[in-house]
Amino acid sequence: HHQIPTTTTTTTTPTVKPWKDMVSGGLSGGIGSYLTNPMDVIKTRLQTDSAMYDGKVWRCVRATYAEGGARAFLRGSVPRLIHKIPANASFFVFYEFFRRALKVDDAVVA
């Protein structure tokens, strides 16, 4: 006679690796900030001297391009990245930490 193999299911706790959260947060924050920097340049210019562009976005875009070409839209990106990368890296670490600590389940929808 043959014996039927039995399987047991065990629940394991996933290994916590905060460095992965940190890298994910830093990369996503850095990429997002870099890609949105052109819009941030336009927003800042309109906020600081709206009258110069008559409050018009496209007029500001054209003037910015005429002033410095495509590179003008990346002005201020280095200080922004110096701020956003560590900020998003630490945010992801703490967010994931508190999700685990509070046992938040992704499947639960309010």
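The values are calculated or read from the model by the stated rules, or taken from the named source; none is laboratory data. Everything numeric in this text was worked out from a predicted model, so none of it was measured. Please note that ligands, DNA and RNA were not included when accessible areas were found on the heavy atoms of the full protein model with its side chains. Shrake-Rupley method; radii C 1.70, N 1.55, O 1.52, S 1.80 Å.
For ARG59 and VAL78 in the same chain, what is the full-extension length gain: residue separation times 0.36 nm, less their Cα-Cα distance, in nm?
This chain segment gains 4.3 nm when fully extended.
Could you tell me how many cubic angstrom of Cα convex hull volume the range 9-110 has per residue?
Values: hull volume 16.2 nm³, N = 102.
Looking at the range 9-110, the number lands at 159 Å³ per residue.
Where does each of ARG71, ARG59, ARG80 land when they are ordered by accessible area, with a 1.4 Å probe and the largest first? Write out the running numbers ahead of the final one.
On the way: ARG71 200, ARG59 95, ARG80 50 Å².
Putting ARG71, ARG59, ARG80 in descending order of accessible area: ARG71, ARG59, ARG80.
Just tell me which lysines come within less than 19 Å, Cα to Cα, of LYS56; anything on the same chain fewer than 8 places away is out.
Partners within reach: LYS43.
Please list LYS20, LYS103 from largest to smallest accessible area, probe radius 1.4 Å, with all protein chains kept in place. Numbers along the way, then the final one.
Details: LYS20 100, LYS103 165 Å².
Largest accessible area first, the list is LYS103, LYS20.
Taking H as built 1.01 Å from N, whose amide H comes closer than 5 Å to the amide H of ARG75, not counting residues under 5 places away?
Excluding prolines and chain starts, which carry no amide H, there are no hits.
Compare SER50, SER33 by solvent-accessible area with a 1.4 Å probe and give them largest first, with all protein chains kept in place.
Numbers: SER50 50, SER33 10 Å².
My answer, sorted largest first, is SER50, SER33.
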